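Structure first, then comments.
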Amino acid sequence: MKRMKKQFAVIGLGRFGGSICRELYSMGHDVLAVDNDEEKVNEYVTLATHAVQADGTDEKALKSLGIGNFEHVVVAIGDNIQASILTTLVLKDLDIPKVWVKAQNHYHQKVLEKIGADQIVHPEYDMGIRIAQNMASEKVIDHIDLSDEYSIVELLATSKVHNKSLIDLDVRAKYGVTILAIKRGEDVNVSPMPDDLIKKEDMIVVIGHKNDVRRFENEGL
Ligand code: ADP
């Protein structure tokens with residue numbers, strides 16, 4: 001099945017916005033890349049569908065780019081908090097359904113919340129938490145927070161569960177978590193059967209309440 005092609009715009013092509021732009025474009029999406037620095041724009045000519053020099057705070061300029069038709073717009077303006085806020089305001093005035101903004105600090109975040117930014121991200125902060133959690137546990141390979149309470153976690157199977165089936169482990173009853181997938185090298189089993197066996201060093205992807213996942217990690221693996 002061909003994945004739906006979506007339209008994205010990224011305003012600010014620093015390290016953060018630039019990597020979002022490149023990744024979306026390499027996934028085959030339409031990406032409008034905007035920066036007020038001409039050199040940056042030139043760099044992105046081959047890394048986006050269109051690369052345009054414009055100031056994100058300039059409503060007229062954004063309108064003339066047809067930005068009002070985009071469903072997702074990322075505001076990745078680095079240190080210039082004022083420009084980031086003004087750009088977000090302009091985009092929300094243009095009724096963009098999903099405006100993603102990189103926040104520099106807590107005050108920036110508060111203002112962004114007030115003016116209706118749809119998703120506020122703190123890449124350094126979030127990545128710091130993620131790395132700390134991965135460092136603190138040898139079994140946690142990766143994790144995604146779904147909310148404050150729920151997460152999806154990729155765990156390393158130890159010899160404790162070697163050659164045990166999902167029925168043997170009975171994790172849903174014992175821990176309240178669900179095994180979504182078992183990874184063995186390059187093979188990913190995304191709908192494991194109850195009698196599938198887990199091997200030492202498999203990666204087990206589980207979903208559940210964070211406390212339950214932690215209990216499974218500490219007691220079950
Ligand atoms: P980071 O490294 O956190 O991604 P940077 O400060 O390196 O942040 O990048 C921010 C980018 O945003 C720069 O390329 C800069 O030229 C661009 N930028 C700053 N102000 C504006 C603005 N008003 N309109 C468009 N782009 C802007």
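You will find that of 77, 141, 85, 120, the residue that is within 16 Å of the ligand (Cβ to nearest atom) and part of a strand (DSSP E or B) is 120 and no other.
Note on segment 12-54: among residues that are in contact with a helix residue (DSSP H, G or I) (Cβ under 6 Å, 6 or more places away or on another chain) and near the ligand (Cβ under 6 Å from one of its atoms), the one that is least open to solvent (accessible area, probe 1.4 Å) is 13.
Taken over segment 88-106, residues that are over 16 Å from residue 35 (Cα atoms), touching a residue at least 12 places away in the same chain (Cβ under 8 Å) and assigned to a helix (DSSP H, G or I) amount to 3.
Check segment 92-114 and report whether any residue there is hydroxyl-bearing (Ser, Thr, Tyr) and either within 16 Å of the ligand (Cβ to nearest atom) or in contact with a Leu (Cβ under 7 Å, 6 or more places away or on another chain) (or both). So far as segment 92-114 goes, no, none of its residues is hydroxyl-bearing (Ser, Thr, Tyr) and either within 16 Å of the ligand (Cβ to nearest atom) or in contact with a Leu (Cβ under 7 Å, 6 or more places away or on another chain) (or both).
The values are calculated or read from the model by the stated rules, or taken from the named source; none is laboratory data. Values in this document were obtained by computation on a predicted structure and should not be read as measured data. FYI the Cβ positions are ideal-geometry reconstructions off the backbone, even for glycines, and counts take in every protein chain you see. Note: areas computed on protein heavy atoms with side chains; ligands, DNA, RNA excluded. Shrake-Rupley method; radii C 1.70, N 1.55, O 1.52, S 1.80 Å.
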